[in-house]
1. Just check the range 66-141 against the gyration tensor rule for me: Cα atoms, a ≥ b ≥ c as the square roots of the eigenvalues, rounded for a/c under 1.5, and otherwise prolate or oblate depending on whether a/b exceeds b/c.
2. For the range 28-97, just say rounded, prolate or oblate: build the C-alpha gyration tensor, square-root its eigenvalues into a ≥ b ≥ c, call rounded for a/c under 1.5, and beyond that prolate if a/b exceeds b/c, oblate if not.
3. Taking the Cα centre of the chain as the origin, how large is its charge dipole in debye, to the nearest 20, when only Lys and Arg (+1) and Asp and Glu (-1) carry charge on their Cβ atoms?
4. Calculate how steeply helix 75-92 sits against the longest principal axis of the alpha-carbon atoms of the chain, using the helix alpha-carbon long axis, and give the answer as 0 to 90 degrees to the nearest 10.
5. In terms of Cα to Cα distance under 24 Å, which lysines are near enough to residue 14, apart from those fewer than 8 places away along the same chain?
6. State, to one decimal in nm, how far the label point of residue 139 lies from the label point of residue 89, with both points 7 Å from Cα in the Cβ direction.
7. Please name whichever of 91, 47, 33 sits farthest to the positive end of the charge dipole of the range 6-143, dipole taken about the Cα centre and charges placed at Cβ: Lys and Arg +1, Asp and Glu -1.
8. If Lys and Arg each add +1 and Asp and Glu each add -1, what is the summed charge of the other residues whose beta carbon sits under 15 Å from the beta carbon of residue 115?
Amino acid sequence: MAPLDYEEALQLYKLRRWLEAELLSSARWPEDSEIAAFRAQFDALDAIDRRSDFNKWALALERLRYAIFDLSPQKILLREATRLWTLTDRYRALMQREQGESPERRLIDALQARDRGRLISDYLAARATVEAALEQAFHKQEAA
């Protein structure tokens, strides 16, 4: 496997941000039953200790994200987003495994409120946090 490369990571995360924001921009509003299913998935995700069972947490997160992004009719973009998730997995492993609520609850809240502006802004804020954590992880790795 090739060594981790910061420039590659930046480009992959930039592509993810663009594709995922596009998917959310085109997502249909979910039914109440779908919101309930998202909340159940989120609660299960939030109950997993990501420090001790990171792989289980990452898989639960991926399933929830897929369900949310699958609200978009743009299935080719969704397929590419899932491909990028796989490519960025190795970079996610660099970041801190802190407990704390995942940002997906805010996305679910915005979907339930049918507030597209809030959905996109909450998503972009979460991406900015992840990308800043990635940058910090690379700088820490370089300093070591």
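1. Cα axes put the range 66-141 in the oblate bin.
2. It comes out oblate by the Cα gyration axes.
3. 180
4. 40
5. Leaving aside lysines fewer than 8 places away in the same chain, those within reach of residue 14 are 75, 140.
6. Output for this residue pair reads 2.9 nm.
7. It is 91.
8. Net charge in that neighbourhood comes out at +4.
Values quoted throughout were computed directly from the atomic coordinates according to the rules given, and no laboratory measurement underlies them. Everything numeric in this text was worked out from a predicted model, so none of it was measured. Reconstructed Cβ throughout: ideal geometry from the backbone, glycine too, with neighbour counts over all protein chains shown.
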